[in-house]
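Engineer: Please read through the structure below; I'll follow up with questions.
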Amino acid sequence: MSIEPDPELLGALDAWQHRAVAHQPPWPDAAHLAAVRDRLTTLPPLVFAGEADALRAELAAAGAGEAFVLQGGDCAESFADATADNIRNKIKLLLQMAVVLTYGASMPVVKIGRMAGQYAKPRSAQTETRQTEDRGAVTLPSFYGDCVNSHLFDARSRTPDPERLLDGYHAAASTLNLIRAFTTGGFASLLRVHEWNRGFTRNPAYARYEEIAAEIDRAIRFMAACGVDVESLRTVDLFSSHEALLLDYERPLTRIDSRTGLAYDCSAHFLWIGERTRDPEGAHVDYFAQVRNPLGVKLGPSVTGDDALRLLDRLNPTGEPGRITFITRMGAGTVRDALPALVEKVTADGRPVTWTCDPMHGNTITVNGYKTRRFSDVVDEVAGFFEVHRGLGTVPGGLHVELTGDDVTEVLGGSEQIDADGLARRYETLVDPRLNHQQGLELAFQVVELLRAH
Ligand code: PEP
Ligand code: CO
């Protein structure tokens, strides 16, 4: 028998509308937006509340040092890239990185894709101006992600269109469908670790991966010969996540769990609140306080310990383990100075959090007109994150990265030594630069060293 929704909860789920909602796109037609919201309300949930609960428990284990979180995917997914090849390559890279970490550090890895819903971006500038040949300087709304407008630079493409929220839902549904098929249908089986590397064996990171894959093969054959049932190695859990930015999307996809009467945002298993929308008094925090999903909050260098405690007061007053992941993104040059006081203050408070490191967003630079990052800065921020947590006796619980399974050239360095001129070769991202397949693997090997050092 299902439980009737509590009217008080339903009221609380709409209270955000009375607060300032930061970083929403300038939708031109409120009635159209309302009609789309109504339509989204009738569509099936994308994830099940029980799955979000399972992830919360795994994140709690990571917070306690019994697992390690690997969260990764595009800065912004695009509808055009929601193809089987693209999705498979991204899943392959996440699985390969997870295998390196699991095997190298003897640690279960909690795998979360920035996938199946990462279609909206907060923009620091509302508009973008470009020089055109025929009309001189033209100013149009910024690109807010495929869920809002198109990146093409003309007035029609850049006008926010609520129909795109529905397109986003459908792209998320088909991406998630493929994720579920790949992770349970045999493709992700640990008995096939070699195949995820096929076509990639020429360079050093791939050769290293092959060695690990061979060892895993041998270990599995040994277990099977001993009579251990290795069938459970045929499936993996890969959870979905995105930045919880557009409340006009998240609210209609929030459902009351028939088992418990509690609210879950069924657009993804894990939602995170971005650096720009984490005001403890703002609409985003108010809204996500009402849903039961495990939540992330991005914390940049300007955050204070008191800010973090106010966020816990709002989002996890009772200190439930696994509920909150603080994703710090301080920058390589800042992490060793900015992180200790924050971690100390939160630790002294006593309510548990899971700490993960986003070594991407504090390290963005512009080179030759390209938004990029140095691979060495990415590695250095992760190293600083581990140093700080080791120094304080707290747990470095995971990694949050922007990556793609393809061989793009968006991040400088790595063993392929992509340089400033090399960026132009294959720079495809619509927003932030991503680690390519090889840089992702290299990073996983580096993190193994850091995990083992303890
Ligand atoms: C992001 O994760 O793409 C992002 C915008 O990050 P942040 O909120 O940390 O700036
Ligand atoms: Co980004």
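Engineer: Hey, Tyr287 hits all of (1) in contact (Cβ under 8 Å) with a residue 24 or more places away in the chain; (2) over 17 Å from Leu392 (Cβ atoms); (3) surrounded by fewer than 23 Cβ atoms within 10 Å (Cβ to Cβ) but one; which does it fall short on?
Structural biologist: So the condition that Tyr287 fails would be (3).
Engineer: I need every pair where a residue in the stretch 27-43 that is modelled with pLDDT of 95 or more has its Cβ under 6 Å from the Cβ of a residue that is surrounded by fewer than 12 Cβ atoms within 10 Å (Cβ to Cβ) and of a type in the set (Gly, Ala, Ser), sequence separation at least 6 or different chains.
Structural biologist: Going by the 6 Å Cβ cut-off, there are no qualifying pairs.
Engineer: Which residue is nearest to Ile256 (Cα to Cα), if the candidates are limited to the stretch 1-35 and must be of a type in the set (S, T, N, Q) and under 26 Å from the mean Cα position of the chain (by Cα)?
Structural biologist: Filtering first and then ranking leaves Gln17.
Engineer: Name the single residue, out of those in the stretch 401-415 being within 19 Å of Val447 (Cβ to Cβ) and part of a loop (DSSP other than H, G, I, E, B), that is farthest from ligand 1 (Cβ to nearest atom).
Structural biologist: This residue is Ser415.
Engineer: State all residues of the stretch 330-350 that are assigned to a loop (DSSP other than H, G, I, E, B) and surrounded by fewer than 22 Cβ atoms within 10 Å (Cβ to Cβ); if no residue qualifies, say none.
Structural biologist: Gly331, Ala332, Gly333, Thr334, Gly350
Engineer: Which ones in the stretch 360-373 are within 15 Å of ligand 1 (Cβ to nearest atom) and either within 17 Å of Arg276 (Cα to Cα) or loosely packed, with under 15 Cβ neighbours inside 10 Å (or both)?
Structural biologist: Met360, His361, Gly362, Asn363, Thr364, Ile365
Engineer: Go through Glu66, Glu58 for me and flag whichever is surrounded by fewer than 14 Cβ atoms within 10 Å (Cβ to Cβ) and either in contact with a Lys or Arg (Cβ under 6 Å, 6 or more places away or on another chain) or on the phi < 0 side of the Ramachandran plot (or both).
Structural biologist: Answer to the check: Glu66.
Engineer: Looking only at the stretch 103-132, which residues are within 16 Å of ligand 2 (Cβ to nearest atom), touching an Asp or Glu at 6+ places or on another chain (Cβ under 8 Å) and in a strand (DSSP E or B)?
Structural biologist: Arg114
Engineer: Restricting attention to the stretch 116-147, and to residues there that are under 14 Å from Pro26 (Cα atoms) and in contact with a helix residue (DSSP H, G or I) (Cβ under 6 Å, 6 or more places away or on another chain), which single residue is surrounded by the fewest Cβ atoms within 10 Å (Cβ to Cβ)?
Structural biologist: Looking at the filtered set, the residue picked out is Leu140.
The values are calculated or read from the model by the stated rules, or taken from the named source; none is laboratory data. Everything numeric in this text was worked out from a predicted model, so none of it was measured. Cβ: placed from backbone, ideal geometry, glycine included. Neighbour counts: every protein chain shown.
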